[in-house]
Amino acid sequence: MTAVITDIDQVLTTTRAVRRRMDFTRPVQRTVVEECLRLAQQAPMGSNLEDWRIVAVDDPELKRQLGRLYTEVWHQTVEGPLATGEAATTTRLSPDVRPDQVSKDRQERVLRAVKHLVDHLEEVPVLVVLCSTKPIPERPVGGAASGYYGSIFPFAWSFQLALRSRGLGSVMATALAHKARRVQEVLALPEDWRPVTLLPVAYTQGLDFRPAARAELSEVAFWNGATEPAGTA
Ligand SMILES: Cc1cc2nc3c(=O)[nH]c(=O)nc-3n(C[C@H](O)[C@H](O)[C@H](O)COP(=O)(O)O)c2cc1C
C-alpha cells in the first residue's frame, strides 16, 4: 500500500493518540499491518537483540477477551478509585498531572476519550500486542530499566508513524500491561513474552490531525546544562 502522507515532518507532527476517530467499520488488511510492522523493525533497540515479539490480533473472540481485560483495567484504575473516593477527581488519578486548569482540562478530555476506546476495544479491527523478551530489570530506574523500555517504544512509535502515513491511527494503550499475565493466557504466549503495550489499529475518520499544543522549546530544552534555554537560535 502506498503512503497517503509522504511529508516526514507532517507525519512526525500529526501522529496523535487516536481513540475517538477510529473507524471501526472499515476493515484493516493484514498486508498493511505487516507492511507497517516491517518498517518498525528498523527501529533501534538495545544490544541489537531484536528481543521484541509482536502479536497482531484480528480474531473476534480474542479481541473480545482483550476488550474485557481492558474494561477491568479501567474499573480498577479509574472508575473504582473514583467511586470509593480514593481519588476525589479524575485529575487525582494522575498525581503527576500539573495542577493548572489547562492540564486538568486536557486530562479530563483524554480520560473521556480513553473510556470511549475501553467501551469499543473489541470493535477495533486489529489489536497489536507488543511484547518484550528481555529479562525484567531489577530496578525501575538505571541502565537496565532504560534498556528494557527503550528497546520497545521506538518500535511502537515507528509503527504508529508508518500507520499514520497510510491513513491509519493507533494509540499506545500501555494500561493493558496491568493485566500482562492474563493477556499472556488469552493469547497463549510463552512465559517470557511479556506484554508492554497494546496498539489498537484502525483507519482514521479523516486525515486532518493537527500538531498538538506543546510547551515552548525554551521551557524544556537547554544548551550545556540546565540554565541556557534552547529555542533562541
Ligand atoms: C508511555 C506511554 C503510555 C501511554 N499509555 C496510554 C494508555 O494506557 N492509554 C491511552 O489511551 N493512551 C496512552 N498513551 C497516549 C498518551 O495519552 C498520549 O500520547 C498523550 O495524551 C499525548 O497525546 P498525543 O499523542 O495525541 O499528542 C500513552 C503514551 C505513552 C508515550
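The values are calculated or read from the model by the stated rules, or taken from the named source; none is laboratory data. Here the structure is a predicted model, which means the values were calculated and not measured. Backbone-built Cβ (ideal geometry, glycine too); neighbour counts: all protein chains shown.
Checking Leu217 against (1) hydrophobic (A, V, I, L, M, F, W, C); (2) without any contact (Cβ under 8 Å) to a residue 40 or more places away in the chain; (3) farther than 27 Å from Val102 by Cβ, only one condition comes out false. Which one?
(3)
Quickly run through the range 188-233 and pick out the residues that are closer than 25 Å to Tyr149 by Cβ, in a strand (DSSP E or B) and either at pLDDT below 95 or out of contact with any Asp or Glu (no Cβ under 7 Å at 6 or more places or on another chain) (or both).
Hits for the range 188-233 are Arg194, Pro195, Val196, Thr197, Leu198, Leu199, Pro200, Val201.
From (1) over 16 Å from the mean Cα position of the chain (by Cα); (2) closer than 27 Å to Leu69 by Cα, pick out the condition that doesn't hold for Val129.
Status for Val129: all satisfied but (1).
Filter the range 181-202 down to residues that are crowded, with 17+ Cβ neighbours inside 10 Å and either within 13 Å of the ligand (Cβ to nearest atom) or over 17 Å from Asp119 (Cα atoms) (or both), then give me how many there are.
Summing the residues that are crowded, with 17+ Cβ neighbours inside 10 Å and either within 13 Å of the ligand (Cβ to nearest atom) or over 17 Å from Asp119 (Cα atoms) (or both) in the range 181-202 gives 14.
Can you tell me how many residues within the range 9-58 are among the charged types (D, E, K, R), more than 25 Å from Ala213 (Cβ to Cβ) and in a loop (DSSP other than H, G, I, E, B)?
Counting residues in the range 9-58 that are among the charged types (D, E, K, R), more than 25 Å from Ala213 (Cβ to Cβ) and in a loop (DSSP other than H, G, I, E, B) gives 4.
In the list Ser165, Ser170, Ser151, which residue meets the criterion of being crowded, with 19+ Cβ neighbours inside 10 Å, touching a Gly at 6+ places or on another chain (Cβ under 6 Å) and at pLDDT 95 or above?
Ser151
Within the range 136-177, track down each residue that is away from the ligand (no atom under 12 Å from the Cβ), not charged (D, E, K, R) and not in a helix (DSSP H, G or I).
Result: Ile136, Pro137, Pro140, Val141, Gly142, Ser151, Gly167, Leu168.
Yes/no per residue for (1) at pLDDT below 95; (2) among the aromatic types (Phe, Trp, Tyr); (3) surrounded by fewer than 18 Cβ atoms within 10 Å (Cβ to Cβ):
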residue: Leu49; (1), (2), (3): yes, no, yes
residue: Tyr70; (1), (2), (3): no, yes, no
residue: Glu79; (1), (2), (3): yes, no, yes
residue: Glu86; (1), (2), (3): yes, no, yes
residue: Pro99; (1), (2), (3): yes, no, yes
residue: Arg106; (1), (2), (3): yes, no, yes
residue: Glu122; (1), (2), (3): no, no, no
residue: Pro125; (1), (2), (3): no, no, no
residue: Pro135; (1), (2), (3): yes, no, yes
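Could you give me the residue pairs with C-beta distances under 7 Å whose first residue belongs to the range 150-179 and is in contact (Cβ under 8 Å) with a residue 40 or more places away in the chain and among the hydroxyl-bearing types (Ser, Thr, Tyr), whose second residue is near the ligand (Cβ under 10 Å from one of its atoms) and part of a helix (DSSP H, G or I) wherever it lies, and which are 6+ apart or on separate chains?
Ser170/Gln160
Among residues belonging to the range 4-19 that are exposed (fewer than 13 other Cβ atoms within 10 Å of the Cβ) and in contact (Cβ under 8 Å) with a residue 60 or more places away in the chain, point out the one that is farthest from the ligand (Cβ to nearest atom).
Thr6
Residue-by-condition table, conditions (1) farther than 27 Å from Lys179 by Cβ; (2) not polar (S, T, N, Q):
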position: Asp23; (1), (2): no, yes
position: Val32; (1), (2): yes, yes
position: Asn48; (1), (2): yes, no
position: Val57; (1), (2): no, yes
